[in-house]
């Protein structure tokens, strides 16, 4: 061996080590998933369902932190300001793309401040009426509404929620008028229909399902692209004849912009693997969610498409946050 060979070997080895990703061992400590809503809501339920399996897949504990306020805007803004190292993950939801048009000011830029990791779940809303209304399909409801322009009202879990926006989207594409009556949650919105305070309800499937099975409500359509497995006789909004009114709520994981690509890929692979597990999918379905497990590119495409979509609905419906 020439005298220079050991030095050359050392230099090559050092260069190889320097070329390795800094975050090759990620994660090396607990990871925090920040939920920008109070405990007990839909996003919190989804996070708790994947928390254990994701910790197992990553080899580190997952800590869930709730920071509610302003429809998720405050917590999302807080997450955007965290160090982009993969140790703070945002559990985003549909409000992420709705809030910039719904509020005068939000604390984040939906296109610049975050990198999508993976879409985790989606779930539609359901449009329901009472049997005594004499309406058994969405087409019949539209015809009924057109004969009574402005004479119908509908309940939702609140202004600016997906059930509200989905119903307004339906109104735009069906050419009907209905007056919105917001309630502080899906259960009160369903009770308003049951008590004949409103004519129609746009609410979550989990709340409507027991009433449909008991014969108290008729499910006219779900707002998603696929029939809900536990209500197989209820058609989709597409099957009901209104494909442009397609709408569903989503939840997905995001990290602050600037997070290293290999860290994003590690989190994405682990999340998708977990969400596609049969036991996790079943757990989510029982809680009222459809597990998707779509990757960063598909997730980003959804965000880009939905920002102008909901902006149009909010502007035309003159919807204001409450």
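Read-outs: derived from the displayed coordinates by stated rules, not from any lab. Bear in mind that the values here come from a model prediction, so they are computed numbers and not experimental data. All Cβ positions, even for glycine, are placed from backbone atoms using ideal geometry, and neighbour counts span all protein chains on display.
Computed quantities for the displayed model
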| item | result |
| --- | --- |
| Percent antiparallel among DSSP beta bridges (both partners in the chain, rounded to 5) | 60 percent |
| Rounded tilt (10° steps) of 162-174 against the dominant C-alpha axis of the chain | 60 degrees |
| Two-site FRET efficiency, residue 38 against residue 63, from Cβ-Cβ distance with R₀ of 22 Å, rounded to 0.05 | 0.85 |
| Förster radius 35 Å - calculated FRET efficiency between residue 25 and residue 276 (Cβ-Cβ, nearest 0.05) | 0.90 |
| Computed label-point distance, nm, for sites residue 297 and residue 146 using a 7 Å Cα→Cβ extension | 4.2 nm |
| Mean separation of Cα contacts under 8 Å, 6 or more apart, over the residue count of the range 125-245: relative contact order % | 36 percent |
| The chain - mean residue ellipticity at 222 nm from DSSP helices (-39,500 (n - 2.57) per run, n ≥ 4, rounded to 500) | -13000 deg cm²/dmol |
| Part-to-part distance (alpha-carbon centres) for the range 238-256 and the range 130-151, which is given in Å | 24 Å |
| Overall Cα dimensions of the chain, principal axis frame, Å, largest first | 96, 40, 32 |
| Extension gain (nm, one decimal) between residue 265 and residue 226, 0.36 nm per residue minus Cα-Cα | 11.2 nm |
| Relative contact order (%) - criterion: Cα under 8 Å, at least six apart; region: the chain | 25 percent |
| Convex hull volume per residue in cubic angstrom - Cα atoms of the range 183-307 | 136 Å³ |
| Calculated SAXS-style log₁₀ I(q)/I(0) at q = 0.12, 0.19, 0.20 Å⁻¹ - the range 125-245, Debye, Cα scatterers | -0.35, -0.96, -1.08 |
| Within the range 125-245, percent of DSSP bridges classed antiparallel, to nearest 5 | 55 percent |
| Label-point separation, residue 194 to residue 316 (7 Å along Cα→Cβ), nm | 3.4 nm |
| Two-site FRET efficiency, residue 104 against residue 173, from Cβ-Cβ distance with R₀ of 35 Å, rounded to 0.05 | 0.80 |
| Counting all C-alpha pairs of the range 160-224, share separated by more than 18 Å (%) | 33 percent |
